[in-house]
1. Only residues that are outside any strand (DSSP E or B) and surrounded by fewer than 13 Cβ atoms within 10 Å (Cβ to Cβ): list them for the range 172-186, please.
2. Output the residue which, of all residues in the range 108-136 that are in a loop (DSSP other than H, G, I, E, B) and not acidic (Asp, Glu), is farthest from Ala16 (Cα to Cα).
3. Scanning for something part of a helix (DSSP H, G or I) and without any contact (Cβ under 8 Å) to a residue 40 or more places away in the chain, does the range 146-167 turn up at least one residue?
4. Just one of Phe47, Phe62, Phe35, Phe55 is at pLDDT below 95, among the aromatic types (Phe, Trp, Tyr) and surrounded by fewer than 20 Cβ atoms within 10 Å (Cβ to Cβ); which is it?
5. If Lys167 satisfies every condition in (1) exposed (fewer than 13 other Cβ atoms within 10 Å of the Cβ); (2) modelled with pLDDT under 95 but one, which is the exception?
6. For the range 9-34, give me the residue count where each residue is more than 19 Å from Phe100 (Cα to Cα) and assigned to a helix (DSSP H, G or I).
7. Based on this model, can you work out whether Gln92 counts as closer than 24 Å to Lys145 by Cα and crowded, with 16+ Cβ neighbours inside 10 Å?
8. Quick one: which of Glu25, Glu48 is on the phi > 0 side of the Ramachandran plot and under 16 Å from the mean Cα position of the chain (by Cα)?
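The values are calculated or read from the model by the stated rules, or taken from the named source; none is laboratory data. Bear in mind the structure is a predicted one, so any value in this text is a computation, not a measurement. Note: ideal-geometry Cβ built from the backbone for every residue, glycine included; neighbour counts use all protein chains shown.
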Amino acid sequence: MTNLDQMIAPFVCDVANGEIEIYNEYSLQHELGIFFRKSLPQYKVQFERNVDFFFPCTKASFIKKEIDISIYLPEQNLLEWAIELKFPRNGQYPEQMYSFCKDIVFAEQLKSAGFKKSGLMIFADDKRFYEGASDGIYGFFRAKKQLNGTIKKHTGKKDSELKISGKYNVNWQDLEDPLKYTIIEAV
């Protein structure tokens with residue numbers, strides 16, 4: 001299988017052409033799952049699979065419990081892709097950006113545990129996710145500041161932090177104004 005960017009290129013074209021309509025995270029998950037089932041008929045494509053299904057005997061602790069989309073071949077015990085999805089709809093910019101970072105950590109954990117590849121796809125039609133001030137967590141998503149290391153929660157109790165092992169750049173791609181997307185593959 002190729003990288004995630006190449007894999008979803010036809011899907012993105014269909015969204016841009018209006019052939020596929022996505023309007024929230026659930027529609028994104030289902031439309032992308034349908035797309036994968038058609039384009040990868042030899043694989044199982046499943047939604048919201050608990051990590052214990054794939055790693056029942058592991059003592060590893062995952063930051064999350066369910067994988068948005070899993071692509072695998074059960075008869076060959078081949079875990080091809082674990083994909084996390086985001087399509088924020090209600091503002092909460094720093095909280096959602098922190099959630100994006102949490103999904104990156106989860107993707108790294110899934111790859112380390114046994115998936116060949118894993119990643120995160122973010123679709124956003126609110127310009128405040130990719131434009132504006134670039135201080136703190138905003139810089140990773142608005143100013144192409146390299147995303148890695150310790151990311152601290154900047155809202156609420158501010159009692160949480162994440163450790164991102166890889167080094168990532170968030171490169172937003174235009175779809176139709178104001179809709180953009182970015183893909184981050186775990187290393």
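1. As a first pass, look at the range 172-186 and keep what is outside any strand (DSSP E or B): 172, 177-178, 186.
Answer for the range 172-186, where residues must be outside any strand (DSSP E or B) and surrounded by fewer than 13 Cβ atoms within 10 Å (Cβ to Cβ): just Asp177.
2. Taking the range 108-136 first, the residues in a loop (DSSP other than H, G, I, E, B) are 114-116, 125-126, 130-136.
The next check asks that each one be not acidic (Asp, Glu); those that pass are 114-116, 130, 132-134, 136.
Working: Gly114: 33, Phe115: 30, Lys116: 29, Tyr130: 18, Gly132: 24, Ala133: 28, Ser134: 28, Gly136: 32 Å.
Per the stated criteria, the residue is Gly114.
3. No: zero hits.
4. Numbers: Phe47 fails: at pLDDT below 95; Phe62 fails: at pLDDT below 95; Phe35 fails: at pLDDT below 95.
The conditions single out Phe55.
5. For Lys167, the exception is condition (2).
6. Residues in the range 9-34 being more than 19 Å from Phe100 (Cα to Cα) and assigned to a helix (DSSP H, G or I): 12 in total.
7. So Gln92 does not fit the description; no.
8. Unique residue meeting the criteria: Glu48.
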